[in-house]
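**Student:** The structure under discussion is supplied below as structure tokens; questions concerning it will follow.
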Ligand code: KIV
């Protein structure tokens, strides 16, 4: 297995463009907490997305719609404390950028000013151009997101692949070109046919980051909980599970229960000692003070 050397340099949004130009794949994973962010960062992954997917894999919601700005900022802050090199991208939650471009800009600013993010991501194409332009014009890098956009799950009729019919594919291409034009530094393409993702990637000068969009994208992103097999509710078709940790965690918890109930934990090696002399002093104290 060949691995690229891990660099100690901070990844910026312009590194994404440079990597695309050099034909080097961009790597991105999600993280929602300090420890995971640290592990992703130390692995030399280019970018960490604090995705609103945290609503499903951390907070237990059915979809991402209930996630609030406060939820996102709370998790972004933890991630920022754990990562020093990766480009940190905060995902703008439902209703934080749709109402007006001034509200979008104010909320985008909070990700950088309060939560230590380097960039923001938002879903949608031509309908979101005013918000994208307002945010980009104020100096905040924006990552677009097209295809299966989970915040529109009710309009899309479920979590299903998009762009499989020609007209829909044409809309996605037009959205991608419009987002590039509005100043996005990259675009996530989620759950669209591989040949469409490759076609769009070749048309754009900015990089595409695929999730369920095949190998023709300029980079890949996965939800870390899916990659690690932490989430046992369902696994999307496009996920490669590198571990099945939910099973290992379940086994560990069962063993702990058996140990405690059987008197096998804690053992001597897990306890602190006190000298006989100090113990005697303690007993004398209790006698003297009648504790
Ligand atoms: O919220 C998220 O994690 C995402 C990725 C799936 C791209 O948007």
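The values are calculated or read from the model by the stated rules, or taken from the named source; none is laboratory data. This one's a predicted model, so the numbers in the text were calculated from it and none came from an experiment. No Cβ is skipped: glycine too gets one built from the backbone with ideal geometry, and neighbour counts run over all protein chains shown.
**Student:** Can you name the condition, by its number, that residue 259 falls short on among (1) more than 30 Å from residue 205 (Cα to Cα); (2) surrounded by 13 or more Cβ atoms within 10 Å (Cβ to Cβ); (3) assigned by TED's automatic domain parsing to the domain that holds residue 162?
**Tutor:** The number of the failed condition is (3).
**Student:** Moving to a separate point now. For residues in the range 23-36 being part of a loop (DSSP other than H, G, I, E, B) and touching a helix residue (DSSP H, G or I) at 6+ places or on another chain (Cβ under 7 Å), which is surrounded by the most Cβ atoms within 10 Å (Cβ to Cβ)?
**Tutor:** This residue is 31.
**Student:** Now for a different question. Hey, can you tell me all the residues within the range 183-206 that are in contact with a strand residue (DSSP E or B) (Cβ under 9 Å, 6 or more places away or on another chain), within 19 Å of residue 14 (Cα to Cα) and either surrounded by fewer than 23 Cβ atoms within 10 Å (Cβ to Cβ) or free of Cβ contacts under 8 Å to residues at least 12 places away in the same chain (or both)?
**Tutor:** If the condition is that a residue be in contact with a strand residue (DSSP E or B) (Cβ under 9 Å, 6 or more places away or on another chain), within 19 Å of residue 14 (Cα to Cα) and either surrounded by fewer than 23 Cβ atoms within 10 Å (Cβ to Cβ) or free of Cβ contacts under 8 Å to residues at least 12 places away in the same chain (or both), then 183, 185, 204, 206 are the ones that fit.
**Student:** Of the residues 253, 234, which is free of Cβ contacts under 8 Å to residues at least 24 places away in the same chain and assigned by TED's automatic domain parsing to the domain that holds residue 129?
**Tutor:** 234
**Student:** Further question: Among 250, 225, which is the only one that is within 21 Å of residue 91 (Cβ to Cβ) and in a helix (DSSP H, G or I)?
**Tutor:** 225
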